[in-house]
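K.L.:
Quick one: this structure, given as structure tokens, is what I'll be asking you about.
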Amino acid sequence: MIGRALSHLALLLALSPLLLGVIGKTKALFAGRLGAPLLQPYFDLEKLFRKGFVFSRTTTWVFLAGPVTAVAVPLLAALLIPCGALAAPLSFSGDLILFVYLFGLARFFTAASALDTGSSFEGMGAAREVTFACLAEPTVLFAFIVLARLSGSLSLEGMFGPGLGGAWHRGGPALGLVLVCLFVVLLAENSRIPFDDPNTHLELTMVHEVMVLDHSGPAFGMILYGAAMKLFVLGALLVRLALPQQTGSALLDALLFTAGMLLLAVLIGVVESAMARLRLLRIPQVLIGTTLIALFAMILVLR
């Protein structure tokens, strides 16, 4: 168990920033630019962690709790999910509820740290973030109900385990809808286009980025690293759902999973290059529509 946990965490810590580099490189290729180096996210994190902490005199311990939970939550959540054919180190019935609300905990402290600055501007971003999250969480829960029904298990290890390939034969249409819904949630939860732009500087359209404007140095580095790990954890569920095949060779399964994660990063880069950002009023409509699609998928397997 300890060996599996260390393998999970090593994979998470090592590959998470690479996904951001692949996304950035894909967007640069679509724009006809050379773009930043593939390993630029690693360089950025190293530079931030070498800087010192700067805190406003008006903030409390809550301001630092946001970056800490942003790193701690993906590390804990990664222990609940299988990475390719590598089994989850922690697994128990009902851990899917813990998985969903671990990210809710991180979101709460990130929003609280934004409010702790006393800035109405960051409070606006926190309100938007929490509102969109409330609309995305039902989609995840309905998707997990579909997977629990097809797998007969209430743990993530059972839902995304070896039996997932057979579940595609029994409920392929429902799983296809779930795959689309989880991809939309992945974009929304990680503040990607068309829901948000992590590189935006337009004040009235910022959502997640506005909450971390006062963070700097290692605190900002923890937020960026936590965001990269969150993308990896949620992406791992998508890759496992889309590529449930197991070859029987640990090395080949690991390579297949890594290739799937890199292809997912390329797909995100393609989406961000081909689509414009949605108007803020359209985002709730899209998320509600995604919830209805996930509900329809649940009806397909429960009928």
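The values are calculated or read from the model by the stated rules, or taken from the named source; none is laboratory data. Quick caveat: nothing in here was measured; it's all calculated off a predicted structure. SASA here: full protein model, heavy atoms, side chains in, ligands and nucleic acids out. Shrake-Rupley method; radii C 1.70, N 1.55, O 1.52, S 1.80 Å.
K.L.:
Can you give the calculated 222 nm mean residue ellipticity of the chain, where each DSSP H run of n ≥ 4 adds -39,500 (n - 2.57) and the sum is split over every residue, rounded to the nearest 500 deg cm²/dmol?
P.N.:
Theoretical 222 nm ellipticity from helices: -24500 deg cm²/dmol.
K.L.:
Could I ask something else about it? Find how much the distance from Phe30 to Val270 grows on full extension, using 0.36 nm per residue of separation minus their present alpha carbon separation; answer in nm with one decimal.
P.N.:
85.6 nm
K.L.:
Compute the separation of the alpha-carbon centres of the range 178-200 and the range 275-299 and state it in Å as a whole number.
P.N.:
First find each Cα centre; the distance between them is then 11 Å.
K.L.:
For a test of understanding, tell me how many lysine pairs in the chain have Cα atoms under 23 Å apart, given they are 8 or more places apart or on different chains.
P.N.:
The result is 4.
K.L.:
Ranked from the most accessible area to the least, with a 1.4 Å probe and all protein chains present, what is the order of Leu231, Leu75?
P.N.:
Per-residue accessible area, sorted high to low, gives Leu75, Leu231.
K.L.:
Another question about this same structure. Gaussian network model of the chain, Cα springs within a sub-10 Å range: biggest mean-square fluctuation belongs to which of Gly66, Gly235, Gly163?
P.N.:
Gly163
K.L.:
Most fluctuating residue of Met124, Met222, Met261 in a GNM of the chain with Cα springs under 10 Å: which is it?
P.N.:
Met124
K.L.:
Taking 0.36 nm per intervening residue step and subtracting the Cα-Cα distance, what contour gain separates Thr258 from Leu39 on full extension?
P.N.:
Stretched out fully, the Thr258 to Leu39 stretch lengthens by 77.2 nm.
K.L.:
Take the chain, connect every pair of alpha-carbon atoms lying under 10 Å apart with a spring to form a Gaussian network, then pick out the residue of Gln245, Gln40, Gln285 with the largest mean-square fluctuation.
P.N.:
Gln285
K.L.:
Gain in length, Leu6 to Ser216, computed as 0.36 nm per residue apart minus the alpha-carbon separation, to one decimal in nm?
P.N.:
72.7 nm
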